[in-house]
Amino acid sequence: MVDGKQQKVRFHVDDLMSSHVDAKVNDKFQEWLQTTYGQINEVQVTRGKKHVYLRVAVVFHDDGSVTLDMRDYIEGMINDFPMKLQGTKAKSPATDSLFNGLKGKVLNLKQSEQYHHTVAQGLYVAKRAQQDLLQTIAVLSTRVKEPTEGNWEKLIRLMKYINGSKHKVLRFSADDMKILKWYVDVSFAIHPDFKSHTGMVMTMGRGALQSLSKKKKLNTRSSTET
């Protein structure tokens with residue numbers, strides 16, 4: 001507690017984020033950091049309403065909302081993909097054949113590595129700024145060991161959707177800081193091995209703060225049990 005108000009410091013490895021209602025408290029904290037650790041290396045500080053961290057641009061707006069912007073990362077993801085996607089779009093990340101079983105031959109080593117690389121990039125984006133990719137990424141992630149030609153076709157469909165929606169950013173805000181709303185549903189026995197699939201989303205008003213799309217680990221006997 002500083003001057004009767006809470007100062008919050010969030011840590012992630014060797015990076016941290018400090019906030020306090022009085023900006024002078026952060027000034028003093030910055031000075032202390034520089035005095036304590038500056039002899040090892042100059043402490044790099046970002047102030048203001050926009051912060052870029054791990055390729056994610058976090059922007060705080062005057063209306064109390066926040067946006068997570070990964071458009072630069074997504075553009076790099078598109079450029080990394082071997083198929084040229086300029087002008088190609090898809091209306092959704094996947095078709096109704098997403099959960100179908102293996103189709104076609106197993107990909108060669110080079111293409112398999114590209115498949116794994118692109119799915120990992122998609123997972124990074126989906127868990128942060130473009131959560132509408134989660135269901136498709138969750139399914140494609142289960143096929144990274146021996147992806148087939150059918151999986152590659154589904155990845156192309158996903159990349160076409162990403163190319164058409166690359167301008168999107170996630171914006172969220174809270175209506176009430178004391179109320180969390182979770183929406184949960186499940187699709188029963190939809191995978192080829194008859195396992196089910198769960199989807200969840202959490203919000204505090206506007207936008208998804210957290211989402212999950214995941215294949216169940218256990219087989220179940222009914223949708224109720226699932």
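The values are calculated or read from the model by the stated rules, or taken from the named source; none is laboratory data. Being a predicted model, the structure only gives us computed values, none of them experimental. In case anyone asks, the SASA skips ligands and DNA or RNA and just uses the protein heavy atoms, side chains included. Shrake-Rupley method; radii C 1.70, N 1.55, O 1.52, S 1.80 Å.
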What accessible area per residue comes out for the chain, rounded to a whole number of Å², with a 1.4 Å probe? 66 Å²
Which order do Asp69, Asp3, Asp96 take when ranked by solvent-accessible area (1.4 Å probe, heavy atoms of all protein chains), largest first? Asp96, Asp3, Asp69
Mind checking which of Gly199, Gly150, Gly104 has the largest fluctuation in a GNM of the chain, springs on alpha carbons under 10 Å? Gly104
Extension gain Phe11-Asp63, at 0.36 nm per residue separation less the Cα-Cα distance, in nm? 16.1 nm
For the chain, the percent of accessible surface on carbon and sulfur atoms (probe 1.4 angstrom, ligands and nucleic acids excluded) is 53 percent
At q = 0.21 Å⁻¹, base-10 log of I(q)/I(0) for segment 83-226 (Debye sum, equal scatterers on each alpha carbon): -1.33
Using the Cα gyration tensor of segment 48-88, the equivalent ellipsoid's semi-axes, largest first and to the nearest Å, work out to 28, 11, 5
